[in-house]
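Remarks on the structure that follows.
The values are calculated or read from the model by the stated rules, or taken from the named source; none is laboratory data. Being a predicted model, the structure only gives us computed values, none of them experimental. Every residue, glycine as well, gets a Cβ built from its backbone with ideal geometry; the counts of neighbours run over all protein chains shown. Note: areas computed on protein heavy atoms with side chains; ligands, DNA, RNA excluded. Shrake-Rupley method; radii C 1.70, N 1.55, O 1.52, S 1.80 Å.
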Amino acid sequence: MKYPAHVVGGLTFGIAANQYILQHLPFMKSGEFSTLMISALFISGSVFGSLLPDIDHRGSYLGRRLPLLSHLANATMGHRGATHAPFITVTLTTICALSINYLLHGTAQWFALTLLAGITTGSLSHIFLDALTKSGIPLFYPLSNRHFRLTSMKTGGIGEIIVTFLMMFVIVCMCAGNIASLFKS
């Protein structure tokens, strides 16, 4: 998948996770934090995270903006290696979450964890979308480098365009549902 599809995917997954999971957590209902601020932080993290796995590709959006990091990632892991592995994403998220819990406290801790959750959601959306392409993802990395795919969609092809528009439709439906709920008694 290309940059626009990943951004729309990160936005779709971020809004959905925010609406159906994050908004129902106890700390969101406590009134201690601004719901709008937490939601914006989470969804922004999700959009950024949707671009992060392609840091291993020098021609990617982030790769062009962070060429040294991109070159290093590509030289050590290749494209669609460790950065596209669900196990690695979950492991790095766990390490970061434990570090945040140890180093930060109070509001800073909640904000950092919210951003991390958003970034993880976006990264997983990227991995899911790349699993729809012919190249697939290394599902069981580091145990196996074999790539698995859900479909054989061509990157940049009509299938990607259809999936992107479907995700945009889902975003509109989720937002319309939120707007409609404001007018209910």
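At-a-glance table
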item	result
In region 107-135, residue nearest to the chain's Cα centre (by Cα) [restricted to those that are part of a helix (DSSP H, G or I) and small (Gly, Ala, Ser)]	Gly122
Neighbours by Cβ (under 6 Å, 6+ apart or cross-chain): first from region 126-138, closer than 15 Å to Met167 by Cα; second surrounded by fewer than 18 Cβ atoms within 10 Å (Cβ to Cβ)	Leu132/Leu150; Leu132/Thr151
Where Leu36 falls short, out of the listed (1) surrounded by 14 or more Cβ atoms within 10 Å (Cβ to Cβ); (2) free of Cβ contacts under 8 Å to residues at least 24 places away in the same chain; (3) not in a loop (DSSP other than H, G, I, E, B); (4) not acidic (Asp, Glu)	(1)
Filter result (charged (D, E, K, R) and surrounded by 13 or more Cβ atoms within 10 Å (Cβ to Cβ)) within region 135-185	Arg149, Glu160
Trp110, sole failed condition from (1) open to solvent by 60 Å² or more (accessible area, probe 1.4 Å); (2) within 21 Å of Gly136 (Cβ to Cβ); (3) touching a residue at least 40 places away in the same chain (Cβ under 8 Å)	(2)
Number of the condition not met by Ile55 [criteria: (1) touching a helix residue (DSSP H, G or I) at 6+ places or on another chain (Cβ under 7 Å); (2) among the β-branched types (Val, Ile, Thr); (3) within 20 Å of Ala17 (Cβ to Cβ)]	(3)
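To keep it simple, each residue is scored yes or no on (1) under 18 Å from Tyr141 (Cβ atoms); (2) surrounded by fewer than 17 Cβ atoms within 10 Å (Cβ to Cβ).
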| site | (1), (2) |
| --- | --- |
| Val8 | no, no |
| Tyr20 | no, yes |
| Leu62 | no, no |
| Met77 | yes, no |
| Ile88 | yes, no |
